[in-house]
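Chemist: The structure is given below, and queries will be raised subsequently.
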Amino acid sequence: MTSPRSYFDELNSQYLHVHKTKEDLFWDTYMAISDDPDGFSRAEQAYKAFVSDPGRLAAVRSQLGILDASPDRESLHDVEFGLRGWLAFFEANIVDNADAERFQNEMIAMESDLFAKRRDFKMYYANERGEREEASLGMLSTNIGTNPSEATRKASHDELLRLEQWVLDNGFLEIVGKRNELARALGYRDYFDYKVRTSEQMSPEDLFAILDDFDGRTHEASRQSLDAMIAEKGAEAILPHNLPFHISGDIRRQMDPYLPFGKALERWILSFRRLGIGFRGAVMQLDLLEREGKYQNGFCHAPVPAFFDADGQWVASQVNFTALAKPGQVGSGDNAIRTLFHEGGHAAHFANVTQNAPCFSQEFAPTSMAYAETQSMFCDSLLGDADWMKRYARDASGAPIPDELIRTQIEKTQPWLSRSMRGMMTIPYFELALYRMSDEERTPEAVLALARQTEERISGTRGSRPILSVPHLLNRESAASYHGYLLAEMAVQQTRGYLLQKFGYLTDNPQIGQLLAEHYWKPGNSVDHNATLIGLTGEGFSAKYLAEHCNQTTEEAWREASESMDAAARRDYPTDYPATLDATIRIVDGAKVIADNTVSDADMCARFEEWVDELAGS
């Protein structure tokens, strides 16, 4: 009979193999390096067969039973802890009947087919020179937000609407039906019910109690911002192709020289080092530029999850993350550094999970999406802090961003913060209704009407990023999970509030990284999201901090920003931060390596900046 320790060690090894095989093919497929979607589909099916296998769940339960009866149980505490992690993992992913297994395989094949067709779907926009050019989702959104030509902005928005119709006409609704079949075969009401319960460990009713409460707290502020825009600029200003530009388009253009794309990598590395964030020897691969065929949304996946192996040796993570920046486009530098902080926050999280099995440090269920996004969104929240901007946002001559430009940004964006947060709610409200439709009700016309109605009810106007153009809806892992972003925003503001009260500042505070690693990252999914918040802040999950942040007046927000800049100017910042991120980093463009830090981080950043500048000038 296999001993619990031997079984546990072998399970760790088996999982690493199937996980890495799938993730390597995922990267090659989504980065358009490989043209073998069927190969990835087979690897995905093998992975799903492994994680959903009733036999493995039964074996883990059996081994835990042996431990319960063992006189040596106390000395095998580490094995029991690891096996209980695997128990939670398999229970969250179990597919325990033939119908569900068949539906899962059919769903994977259908999604693979849709992905292959989506990669061949072309969209276009007019660039700053007025030239027609192939465009990604990110390029279209940036164009809507920054281009001074209304006709050009509208053309970009029309492309997103064209994508929506393409999604409806190319099998998405059939995939929704198949997802529901899988969920019902597993005993859930529908796919939304299944995802919320397995990923967030709450019911849809519990989730929407939180969202409804936030809706009530922020509805009036959102309505007032729209009314004020109409009064100032007329009703056409709130049309979906105009509103983002009128909110912040001009200010983004003014800020662009202070956030050059070429400096994004250097500023990210230095800022994380000064925060005391390290990666425990991780190997990281970053693909940051827009490219034909590349998946059109940023993500971070770890082909090798971090853990301590059977011999107590550290297995450092291997992490891939991606962005979709376009050198030379206004706003591309801002987009690039936001992605580096966001996806880099994910990477820091997964690289610092220090448990004894890879099940604790992988990004899928039972890992909560809200928990995972809290880590990344906390990191990218720093970019909006006035003291961060004064220390890092500099133009080509080295001059810092002016105080008045920061003030103008606050005056432009603070009144719209509640609406921005509410925009995240449109997806979960839409998906809840989508998955509760019957197959007969779920027609393209009805679903499109539902999308527009949801946008107008939550945001007060049609969406600048139409619901069905959001790529998360098309992938089974991210579908019915978008609520995690708003829950994470709530946790981020709660975390920020605690740390600001404790230290008075966040930017370049090396204690921040230490506290995040200890309370949020170290346990992985061995504890739930709420427990991590209690561990750091002493308080359970609360939405009040985000609501208070959204409802701040412009004057209050500017006063806080001004005080933070004044304090930063007087502060003697710590100088004993780590010399490196403790990571091997490769910057790639598809299969081509652009730069790495074999010589040094500085050498890599210089080569990256030179490459970006060449592309921007071409």
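The values are calculated or read from the model by the stated rules, or taken from the named source; none is laboratory data. Model, not experiment: these values are computed from the prediction. Every residue, glycine among them, receives a Cβ derived from its backbone with ideal geometry; neighbour counts consider all protein chains shown. What goes into the accessible areas is simple: the full protein's heavy atoms, side chains included, and nothing from ligands, DNA or RNA. Shrake-Rupley method; radii C 1.70, N 1.55, O 1.52, S 1.80 Å.
Chemist: Which net charge results when you count Lys and Arg as +1 and Asp and Glu as -1 among the other residues whose beta-carbon is under 14 Å from that of Q494?
Modeler: Net charge in that neighbourhood comes out at -1.
Chemist: Still on this structure: For the chain, which semi-axes, largest first and in whole Å, follow from the square roots of 5 times the eigenvalues of its Cα gyration tensor?
Modeler: 37, 30, 25
Chemist: Okay, next question. Report, ordered by chain and residue number, the aspartates and glutamates lying within cross-link reach of K544, taken as a straight Cα distance under 15 Å and ignoring same-chain residues fewer than 8 apart.
Modeler: Reachable aspartates and glutamates: D212, D213, D215, E489.
Chemist: Tell me the accessible surface of E456 in square angstrom (1.4 angstrom probe, heavy atoms of protein chains only), to the nearest ten.
Modeler: That residue has around 90 Å² of solvent-accessible surface.
Chemist: Under 1.5 on a/c is rounded, so check that first for segment 312-368, then, if it is not, pick prolate when a/b is larger than b/c and oblate when it is not; a ≥ b ≥ c are the square roots of the alpha carbon gyration tensor eigenvalues.
Modeler: prolate
Chemist: Once neighbouring chains are kept in place and the probe is 1.4 Å, which whole percent of the accessible area of segment 364-417 is contributed by carbon and sulfur?
Modeler: 52 percent
Chemist: So what does H529 come to for accessible area, using a 1.4 Å probe and Å² rounded to 10?
Modeler: The accessible area of H529 comes to roughly 30 Å².
Chemist: Run the numbers on segment 123-240 and let me know its relative contact order in percent, using alpha-carbon pairs under 8 Å that are six or more apart.
Modeler: Result for segment 123-240 is 12 percent.
Chemist: Using a Förster radius of 51 Å, what is the FRET efficiency between R73 and D576 based on their Cβ-Cβ separation? Nearest 0.05, please.
Modeler: The calculated FRET efficiency here is 0.70.
Chemist: Give the Rg/Rh ratio for segment 477-618, taking Rg as the radius of gyration of the Cα atoms and Rh as the Kirkwood radius, to two decimals.
Modeler: Rounded to two decimals, Rg over Rh is 1.04.
Chemist: DSSP beta bridges in the chain, what fraction antiparallel, as a percent rounded to 5?
Modeler: 55 percent
Chemist: Take S136, S397, S13 and sort them by solvent-accessible surface of the protein heavy atoms, 1.4 Å probe, largest at the top.
Modeler: So the residues, ranked largest to smallest area, are S397, S13, S136.
Chemist: To the nearest 20 Debye, how big is the dipole of the chain about its Cα centre, given +1 on the beta carbon of each Lys and Arg and -1 on that of each Asp and Glu?
Modeler: Result for the chain is approximately 460 debye, rounded to the nearest 20.
Chemist: Pairs of Cα atoms under 8 Å, at least six residues apart: use those to get the relative contact order of the chain, whole percent.
Modeler: In percent, rounded to a whole number, it is 18.
Chemist: Checking a compactness column here: for segment 1-148, what do you get for Rg(Cα) / (2.2 N^0.38 Å), N being the number of residues?
Modeler: Dividing the Cα Rg of segment 1-148 by 2.2 N^0.38 Å gives 1.54.
Chemist: Which is farthest toward the positive dipole end of the chain among V599, T21, S271, measuring Cα position about the Cα centre, with Cβ charges +1 (Lys, Arg) and -1 (Asp, Glu)?
Modeler: Projecting each Cα onto the dipole axis, the largest value belongs to S271.
Chemist: A further question follows. Out of every Cα pair in segment 183-319, what percent are spaced more than 25 Å from each other?
Modeler: Cα-Cα pairs of segment 183-319 separated by over 25 Å account for 66 percent.
Chemist: A further question on this structure: Exceeding 19 Å between C-alpha atoms, which entries from my cross-link table qualify? They are K263/K522; K326/K390; K326/K592; K412/K502; K20/K326.
Modeler: K263/K522; K326/K390; K412/K502; K20/K326
Chemist: A further question follows. Using the Cα centre of segment 381-480 as the reference point, and only Cβ charges (+1 on K/R, -1 on D/E), how large is the resulting charge dipole? Debye, rounded to the nearest 20.
Modeler: 160 debye
Chemist: Could you please state, rounded to a whole Å, how far the C-alpha centre of segment 417-491 is from the C-alpha centre of segment 326-352?
Modeler: Cα centroid to Cα centroid, the span is 24 Å.
Chemist: Only helical DSSP H runs with n ≥ 4 go in: add -39500 (n - 2.57) per run for the chain, normalise by residue count and round the 222 nm mean residue ellipticity to 500 deg cm²/dmol.
Modeler: -19000 deg cm²/dmol
Chemist: Compute for segment 276-348: radius of gyration divided by Kirkwood radius, i.e. Rg/Rh, restricted to C-alpha atoms, rounded to two decimals.
Modeler: 1.08
Chemist: Something else: Could you pull the Cα extents of segment 357-493 along its three principal axes, largest to smallest, in whole Å?
Modeler: Result for segment 357-493: principal-axis Cα extents of 61, 47, 26 Å.
Chemist: How much net charge surrounds A591 when only other residues with a Cβ under 15 Å from its Cβ are counted (Lys, Arg +1; Asp, Glu -1)?
Modeler: -4
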